[in-house]
Amino acid sequence: MKIEELYQKDYTFVDVRSPKEFEEDHIPGAINIPLFSNEERAIVGTIYKQENKDKAVDIGLEFVSKKLPEMISEYKKISNKICVYCWRGGMRSGSVTSLLKSMKFDVVQLEKGYKDYRRFVIEQLEKIIIPKMIVIYGLTGSGKTEMLQKLENSLDLEGLAQHRGSIFGDVGLKPRSQKMFESLLLKRIFELQKEDYIFIEGESRKIGSVLIPLNIWEHMQKAKKVKLLSVLSDRVDRIYKEYCN
């Protein structure tokens, strides 16, 4: 099935790619039940490129056979419908889907895999309808993030990026990749679709190493602006707790 048919539907997405691939980006809410570890994937890939496909498949089967009971046990913990995906909807997700179907699991394979999901994210971020914005500005430590976290109709870009947008913005955080940031951003915008207004913090277009997509950035520039004021002592307290804890 295509991603357009499955996104936001009642499926548990299972990513069978390696942990490293999963960490860079995945469908929000997906769980990782990898066929290969990072090291195993490197070995199979090298053999596939440098020697021959059949040998790579044999080595892959050898790796997977040892962990098959544990993998099946993980799938049995999933209570609803399952959608399995790999990089491009090929052998990894295809073999898992066939196995699960033979065991009577309610399962589908994501057509063209993560590669097509990524295409979907880029396209949607370019054309998705965004509610009217109110942009909150203020000096560092003014409490902008605190305010956003108290508002149900807020879009917290720094929270999605896991970076505070300042020179020491990643202290104590693990910044997300551009791809993961965009995946989470699209998910959040879909959640806010029915709101009349959404609140968002004023940012430069770059938050740490990630870039705000142009469609969202242009909406921010046209939005109403609100300046949040806070006395110096309160700002100092917030900054200390945020950066020095």
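Things worth noting here:
- Residue 101 passes every criterion in (1) open to solvent by less than 40 Å² (accessible area, probe 1.4 Å); (2) closer than 27 Å to residue 8 by Cβ; (3) in a helix (DSSP H, G or I) apart from (1).
- Answer residue from the range 1-60, given it is surrounded by fewer than 15 Cβ atoms within 10 Å (Cβ to Cβ) and hydrophobic (A, V, I, L, M, F, W, C) and is farthest from residue 80 (Cα to Cα) among those: 42
- Answer residue from the range 159-193, given it is part of a loop (DSSP other than H, G, I, E, B), of a type in the set (D, E, K, R) and free of Cβ contacts under 8 Å to residues at least 40 places away in the same chain and is nearest to residue 129 (Cα to Cα) among those: 176
- Count of the range 62-93 residues, restricted to those that are surrounded by 12 or more Cβ atoms within 10 Å (Cβ to Cβ), of a type outside the set (A, V, I, L, M, F, W, C) and part of a helix (DSSP H, G or I), is 5.
- Residues that are of a type in the set (Asp, Glu) and buried (at least 19 other Cβ atoms within 10 Å of the Cβ) were ranked within the range 139-184; the one that is farthest from residue 213 (Cα to Cα) is 158.
- Taking the range 95-126 as the range and being of a type in the set (S, T, N, Q) and closer than 17 Å to residue 30 by Cα as the test, the residues that pass are 97, 109.
- Note on the range 154-197: residues that are over 9 Å from the mean Cα position of the chain (by Cα), basic (Lys, Arg) and modelled with pLDDT of 95 or more amount to 1.
The values are calculated or read from the model by the stated rules, or taken from the named source; none is laboratory data. Remember, predicted model here, so these are calculated numbers, not experimental data. Using ideal geometry, Cβ is built from the backbone for each residue, glycine included, and neighbour counts are taken over all protein chains shown. Surface accessibility is based on the protein's heavy atoms, side chains included, excluding ligands, DNA and RNA. Shrake-Rupley method; radii C 1.70, N 1.55, O 1.52, S 1.80 Å.
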